[in-house]
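The values are calculated or read from the model by the stated rules, or taken from the named source; none is laboratory data. Bear in mind the structure is a predicted one, so any value in this text is a computation, not a measurement. Backbone-built Cβ (ideal geometry, glycine too); neighbour counts: all protein chains shown.
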Amino acid sequence: MSDTRQLAAAMRELDESTVLELTKSMIESGHDAFEIQSLLNEGIKDVGKRFESGEYFLADLIVSGIIYQNAMELFHHCQRLDNAPVRGKVVIGVVENDIHDIGKNIICEVLRAEGFEVIDLGVDVKPKGFVQAVQQHHPDVLALSGVMGFALDSMLATISELEKLGLRDGLSIIIGGSCITSGDPALIRADKMAIDPLETIAFCKAVTEKRNE
C-alpha cells in the first residue's frame, strides 16, 4: 500500500504514530500540502461514519480530533489550507462562564475536514465576543457550545445581543453541548439544538447547501 493510502487508513484506524510518521514523510518527499490534508480528511470522515454506525464511541471521536490536530501542526498551523475549497464559514465558541471545550474541539476538526472555514473563539466567550466575530467574519453559521446548565442563559444573552444590534436576521444559529437535552430551540431563539457533533455538521451542511442553490 502506498503512503497516500496508508495515511487515510491510519487516520481511520486512529493510529497516531503512523499518521504522524507518514505525514512527516510525505511533507519531506514534496507531496502537496492539500493532498496530505485531503487524505487526513478522508480518514476522519470515515471515523465519523463509524461513530454514526456505533462502531466508534465519543472517546474515539475525541482521539481522532487530537490526531488530526497534531498532524496539521506539522504544517505549523491547524487552519484550512489556502488552496482548499471552502464549503462555508462557521464561527464557534463556548459561551460565557463555561470552559468545557472537548465537544467544541471535535466539531471544529470535523467541520474543517468537511471543507468549512472555522473561526474558533475558544472558551468563556462573552456575548460581545460573539457579536464582534459575527460583524468581522459574516459567517453562515454561529455555533454556541456549553456544558453547564447555566450555559443556556449565556446562549440566550448572546442571541439577544445579536438581535438588539440587528445581526440576527440571515444568521443561522445552532446551540449544542451537554447543557442541551431536549426541547424547542425557539426558547433560546436559536434555529437548531444539537445533541451530538453529527447533528451540528448536518445542520451546517444544510445551511450552506441551501444558500449555494
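Observations
- Failed condition for residue 35, given (1) modelled with pLDDT under 85; (2) loosely packed, with under 15 Cβ neighbours inside 10 Å; (3) assigned to a loop (DSSP other than H, G, I, E, B); (4) over 20 Å from the mean Cα position of the chain (by Cα): (3)
- Scanning the range 158-192 for residues that are closer than 15 Å to residue 207 by Cβ, out of contact with any Cys (no Cβ under 9 Å at 6 or more places or on another chain) and either part of a strand (DSSP E or B) or polar (S, T, N, Q) (or both) gives 173, 175, 176, 192.
- Subset of the range 38-65 (residues that are among the polar types (S, T, N, Q), over 12 Å from residue 7 (Cβ atoms) and under 18 Å from the mean Cα position of the chain (by Cα)): 64
- The listed residues are 201, 195, and the only one of them that is within 30 Å of residue 44 (Cα to Cα), free of Cβ contacts under 8 Å to residues at least 24 places away in the same chain, of a type in the set (Val, Ile, Thr) and not assigned by TED's automatic domain parsing to the domain that holds residue 48 turns out to be 195.
- Filtering the range 155-192 to residues that are crowded, with 20+ Cβ neighbours inside 10 Å and of a type in the set (A, V, I, L, M, F, W, C) leaves 155, 159, 162, 173, 174, 175, 179, 180, 188, 190.
- Residue tally, condition among the charged types (D, E, K, R) and part of a loop (DSSP other than H, G, I, E, B), over the range 193-211: 1
- Close pairs from the range 88-102: first more than 14 Å from residue 175 (Cα to Cα) and at pLDDT 95 or above, partner surrounded by fewer than 24 Cβ atoms within 10 Å (Cβ to Cβ) and not small (Gly, Ala, Ser), Cβ under 6 Å, at least 6 apart: 89/117; 89/139; 89/140
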